[in-house]
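Reading through the structure tokens given below for one structure.
The values are calculated or read from the model by the stated rules, or taken from the named source; none is laboratory data. Treat the numbers as computed from the prediction; the structure is a model and nothing was measured. Every residue, glycine among them, receives a Cβ derived from its backbone with ideal geometry; neighbour counts consider all protein chains shown.
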Amino acid sequence: MLKQREEAARRRVEGLRAELTALNERIAAGEEELSDLVVTQATLARVFAERDADEPEFEQVPSRDVDPDDLPGCLPPVVRVATGEVPVEGDRPVPALLASAGTPLRAKEICEVTQEAADHRHAETPRMRLKRMVRGEWLAEPSRGLFALADGVRASDRP
């Protein structure tokens with residue numbers, strides 16, 4: 001009977017050692033993953049900090065000085081240089097505004113000049129239109145939230 005108990009205790013100890021070995025392997029894998037994540041996070045933070053430091057600061061054009069009533073008359077027409085194509089009717093004021101500003105503008109500033117709703121609740125529709133114009137290669141987004149004319153889009157020489 002003692003031999004049976006001894007054998008059972010020995011099997012329990014061996015089972016516990018096997019569980020401990022498996023747990024140690026899982027702990028080592030978890031520690032390796034954690035280490036990789038810490039290194040990746042530090043690397044990304046450094047890369048983004050360097051990118052943000054290298055990114056030029058854009059001078060903001062005070063859009064409030066523009067009279068929205070003069071928008072169609074004061075802004076030059078914009079064309080795609082390679083094809084001579086012009087933006088669709090409803091989109092024309094935006095690239096024209098960016099051509100006259102000569103610097104990237106934020107969506108809110110564009111909304112203020114074009115008299116679109118610029119408060120946070122209503123800014124998503126104009127922002128989606130700006131993103132669509134980026135996809136259509138009329139505008140570029142040099143940094144998040146700043147919009148400028150795309151390469152190959154210029155103010156027309158003719159009025």
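Could you please find all residues in segment 107-132 being hydrophobic (A, V, I, L, M, F, W, C) and either under 17 Å from the mean Cα position of the chain (by Cα) or modelled with pLDDT of 75 or more (or both)?
Ala107, Ile110, Cys111, Val113, Ala123, Met128, Leu130
For every residue, the table says whether it meets (1) surrounded by 10 or more Cβ atoms within 10 Å (Cβ to Cβ); (2) at pLDDT below 80; (3) not assigned by TED's automatic domain parsing to the domain that holds Phe147.
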| site | (1), (2), (3) |
| --- | --- |
| Arg5 | no, no, yes |
| Ala18 | yes, no, yes |
| Ala29 | yes, no, yes |
| Val78 | yes, no, no |
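Out of all the residues in segment 88-106, which are more than 23 Å from the chain's Cα centre (by Cα) and not small (Gly, Ala, Ser)?
Matches in segment 88-106: Val88, Glu89, Arg92, Pro93.
Given (1) exposed (fewer than 11 other Cβ atoms within 10 Å of the Cβ); (2) within 21 Å of Arg135 (Cα to Cα); (3) modelled with pLDDT under 80, where does Asp65 come up short, assuming only one miss?
Of (1) exposed (fewer than 11 other Cβ atoms within 10 Å of the Cβ); (2) within 21 Å of Arg135 (Cα to Cα); (3) modelled with pLDDT under 80, only one is false for Asp65: (2).
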